[in-house]
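Worksheet: one structure, shown below.
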Amino acid sequence: MLSVKSIIYKKINELRINFVLASGLGLLLASSAFAQDNSPYSRYGIGDLVPSSNISNRSMGGISAGYTDALSVNFNNPASFAAFQAWKEKKSKKLSSGRVVLDMAVNIDNRTLRDPQKEQRFTASNALFSYVQVGIPLRKNWGMSFGLRPISRISYKIDQYKRLFDPVTGANIDSTITQFEGDGGSYIGSMGTGLSLFSKDRKGLEEKLSVGLNVAYLFGRKNYNTRRSFLNDTIAYYQANYQTTTNFGNLSLQAGLQYQIPINKKLMLTLGAFGQLGQTLSARQDVVRETFFYDQSQGQLRLDSVSDQRNIAGQLQLPASYTAGFVLQKFAVPNKEGGWLIGVDYTTQPWSEYRFYGKADSLRDKWELRVGGQISPVPQRSYFTNVSYRFGFFIGPDYVKLGQSLPQVGASLGLGLPVGISRQAPNQVTFVNLAFEFARRGNTSNPLQENLFRISLGFSLSDIWFIKRQYD
């Protein structure tokens with residue numbers, strides 16, 4: 001006969017295995033993607049900033065400050081962790097059962113680069129790890145979450161052909177090819193908790209204030225290479241390589257709050273905000289200046305080391321970030337009424353304060369306005385009446401500034417697709433979340449215009465734990 005403790009241990013082991021497999025798959029996808037993509041704008045700052053919300057939020061333009069869902073993990077605002085479903089026995093404060101959530105996703109990105117002055121364009125498609133998160137209820141109105149997700153990625157490769165001239169005589173010297181290449185990115189592993197400080201019952205309507213805190217470790221790598229070769233058939237020149245590799249990381253804190261205000265029995269307004277203060281990351285850097293030659297069987301081989309400095313200590317300073325918004329939601333009533341929600345977020349981050357080993361970069365202060373919504377038809381037996389239909393858009397300048405700002409605008413659509421309940425596991429609830437996003441960075445006034453089409457696939461799996469079993 002199985003004991004309650006053995007059943008719980010079994011569930012924990014299953015969740016642990018799923019988490020490890022998802023993390024390993026994500027890292028594999030991420031490493032392969034870094035080798036294929038090509039975004040010249042990822043050269044600046046900490047690289048291209050990847051979407052910072054889960055698939056459900058992303059398909060609604062990225063709104064997350066006031067969003068709460070017991071069946072997915074809104075890792076942006078830790079105050080939402082208080083909404084994970086937990087139940088307790090009557091006349092007892094102990095948790096008797098709760099719904100544990102495993103939320104994970106991958107992306108398929110298609111990026112097109114175009115010079116507004118020419119007809120040439122470059123297109124690349126890549127599969128990328130998005131996130132893996134676990135949400136666990138601790139008690140009623142108290143939950144926790146932990147997981148791993150990327151923050152940014154660096155991936156570019158550019159060839160520049162140029163003729164060198166003697167600065168004194170003005171005579172031609174030789175033609176050169178300079179290859180600029182970079183890879184890397186940053187990740188964040190986090191663990192947080194959310195707690196409702198108080199809830200007030202107003203004639204059957206619950207008003208609630210929740211707060212949350214995330215403790216995270218942000219880490220990453222920046223690897224930049226500049227290689228120059230002379231194009232000459234008669235004179236043999238050495239090829240030069242200038243390489244800088246930096247590893248960085250440190251702990252960070254993120255706080256959030258949500259205030260739920262019931263308007264009536266069917267309508268709820270949730271105000272939300274989250275953010276973090278500026279942080280300083282410890283960094284170590286290797287700087288290499290060398291001559292080399294390329295062998296087809298062995299790759300790049302060093303001829304002579306002009307300069308080789310290792311383990312140079314420094315700091316990377318990231319700016320603070322603040323987001324505030326709201327969600328107005330009408331709840332669906334089975335066989336009677338459909339539901340909907342609409343939300344707005346505003347976020348700001350002063351990237352002009354970014355410093356890398358004490359130096360500024362070609363960055364500007366960033367702001368973004370996000371608007372999104374969701375429509376749920378009247379829940380009936382038909383499958384598509386149980387699907388959630390989502391939409392949204394966002395607008396705001398990119399944080400990279402090369403002479404002038406890079407305007408950025410995007411739109412999104414999404415679906416929340418429920419998966420049928422199994423008789424063998426009646427307490428399991430699974431959703432497949434789809435998001436389709438289009439974003440444009442830059443315009444005809446910028447050196448490069450970048451169009452991005454992204455398909456995101458997410459899985460939200462949940463099951464009820466801690467149930468007291470009864471056996472005949």
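Starting from a Cα-only point model with no solvent, please compute log10 I(q)/I(0) by Debye for region 322-377 at q = 0.15, 0.20, 0.28 1/Å.
-0.60, -0.77, -1.01
Pulled fully out, how much extra length does the chain show between N172 and N110, if you take 0.36 nm times their separation in residues and subtract their Cα-Cα distance?
Length difference between fully extended and current span is 18.2 nm.
Can you run phi through the Karplus equation (6.51, -1.76, 1.60; θ = phi - 60°) for region 63-70 and list ³J(HN,Hα) in whole Hz, with x for Gly and Pro?
Each residue of region 63-70 in turn: 5, 7, 4, x, 8, 9, 8, 6 Hz.
Rank by packing, highest mean first: peptides 141-154, 399-412, 380-393, with packing defined as the count of other Cβ atoms within 10 Å averaged across residues.
With the highest mean Cβ count within 10 Å placed first, the list reads 141-154, 399-412, 380-393.
Using a Förster distance of 22 Å, how high is the FRET efficiency between K265 and L413, based on the Cβ-Cβ distance and rounded to 0.05?
Approximately 0.10, to the nearest 0.05.
Please state the charge dipole magnitude for region 325-399, taken about the Cα centre, from unit charges on C-beta atoms (+1 on K and R, -1 on D and E), reported in debye and rounded to the nearest 20.
The calculation lands at about 280 debye.
Working out 0.36 nm times the residue gap between E353 and Y322, then minus their Cα-Cα distance, what length gain in nm do you get to one decimal?
Contour length minus the Cα-Cα distance gives 9.7 nm.
Could you tally the net charge around G278, taking each other residue with its Cβ under 12 Å from the Cβ of G278, Lys/Arg +1 and Asp/Glu -1?
Net charge around G278: 0.
Pop the C-beta distance of L369 and L197 into the FRET formula with R0 = 25 Å and round what comes out to the nearest 0.05.
0.30
Of the cross-linked pairs K140/K266; K266/K366; K330/K401, which ones have a Cα-Cα span greater than 31 Å in the structure shown?
K266/K366; K330/K401
So what J values fall out for region 404-415 if you push phi through Karplus, 6.51 cos²θ - 1.76 cosθ + 1.60 with θ = phi - 60°, rounded to Hz, Gly and Pro as x?
So the J values, rounded to whole Hz, are 9, 5, 9, x, 9, 8, x, 9, 8, 9, x, 9.
Order of 320-331, 46-57, 335-346, 116-127 by packing, highest average Cβ count within 10 Å first?
With the highest mean Cβ count within 10 Å placed first, the list reads 46-57, 320-331, 335-346, 116-127.
Relative to the present Cα-Cα distance, how much length would full extension add between L205 and Q404 at 0.36 nm per residue of separation?
So the extension gain works out to 66.6 nm.
Where a number appears in this text, it was derived from the coordinates with a stated rule and is not lab data. Just so we're clear, the structure is a prediction, and the values are computed from it rather than from any experiment. Ideal geometry is used to build each Cβ from the backbone, glycine not excepted, and the neighbour counts take in all protein chains shown.
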